[in-house]
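Colleague: Input: one structure, supplied below.
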Amino acid sequence: MGPIYTWHDFLDMTRRRLGVISFVVIAGCFASIFWALSYPHIYQASEVIQIEQPKVNDELARSVVDGSSARRLQLIEQQLMARGTLEEIIAQYGIYDHLPAITLGEKVNLLRQSVSITGVAAAREGFTDDGTISVLTITANMDTAPLAAEVAREFANRTRALSAARRLEQTAETLAFFRKQEENVMTEIVALERELETFRSENDLTLEGGVEFRLNEISQLNESLIDIDRAIIAAQLARTQIDRDARPSTVARAEQEIDAQLDTLTQQRTLLVERRETLRQSIQSSPEVQRELAAFERRMDQLQGQMEIIATRRNEAEVGFSLENDAQGERLTTIEEARVPDYPVTMSRKKRAIIGAMGSLTLAFVLAWLLELRRPVIRSARQMERETGVLPVISVPELNMPQSRWAKARARRRAAGQQGREARLARGGS
């Protein structure tokens, strides 16, 4: 049977339990004030960084830094939130020096929880998400306003420095890689040329050119031999046609001239024949030698193709390195610097005290209601009629009228006189 049903019952309960309610409310107010004063304020400062695209179009000068900006910023965030970096920042700004009881590891965890790095994705081009970040926000929550601004600026400065250093390092490593590859391929080409020269010397293949070129040269030699044979035949015919009736000296001189011409033509013919035989022997070399030469040519063609590809990529790497070195690539610029906050982000102490007082008042009435439930008696005619359905004929309230000092003194004298009469009657009866 619950004792509280109407507003009058609630007022009666409040009047009866006023002492308990007052005690709980007063104690709760003191506890609320202590709680509000002991709870520290938290100040929040944020720095906004914009990620600018390269100044030179990628179609004109392509950057060699691979991957999306979201992935690169994620790697930078992991480096910033590493234990070593956080320990440096804690020692630099004296963070949590007012908490000497906690360990360095606990300070690192507190700082990691107090700093957040969030990015805003750039607008999509089409239906694909290229992972580009347009704005990066670094937020720091600290016990004091100046410290919050300093920590946010420190993380922002480290983010910009790490981004620039990482891009420059990646482009430098890419350029060094392609330069090393170019040197390696050039070394292989030189070694292959030496090996081919040695192979030619060992197999007596000093003639240059392919089979088709040699066949053309043999055909030209044959034509020259035909011309020389014709010249020899003509000279021989001319020798037979010398006038023998002329003077002997004239005949001898004519024969000497024709003989000299024949000797010259014969020597030329001999040289051309030797050249032709040499070419024929080179063409008629073993198939194994021809296969080796073809293998050398294929390897040389492959190395030349690799050299062209590597040279092209090395040029691109040099352009990308120049862009990053001159700060013409992707950059991180601050568009909103972290400033000292004017107000804390946590609830004010006055509101905390008011909430605590309201909570203590609620607790006081709940406690009074529980005490009423502990003794659910009928205390008024209304409760009697509501609970039993019987209307009382008369209800006599409990009267506890306050007495004055004179009334209390008369009552004490009356009580003392009554006790004296009772004592005398007791002696007389005995």
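Colleague: Gain in length, Glu52 to Thr346, computed as 0.36 nm per residue apart minus the alpha-carbon separation, to one decimal in nm?
Modeller: Between Glu52 and Thr346, full extension yields an extra 102.4 nm.
Colleague: Another question about this same structure. What distance in nm separates the simple spin-label points at Val190 and Asp301, each placed 7 Å from Cα in the Cβ direction?
Modeller: 2.6
Colleague: Neighbouring Cβ atoms within 10 Å as the yardstick, rank His8, His98, His41 fewest first.
Modeller: By the 10 Å Cβ count, ascending: His98, His8, His41.
Any read-out appearing in this document is the output of simple, stated calculations on the displayed coordinates, not a laboratory observation. Only a predicted model underlies this, so the values are computations on that prediction, with no experimental measurement involved. Quick reminder, even Gly has a Cβ in these numbers, built from the backbone with ideal geometry, and neighbours come from all protein chains shown.
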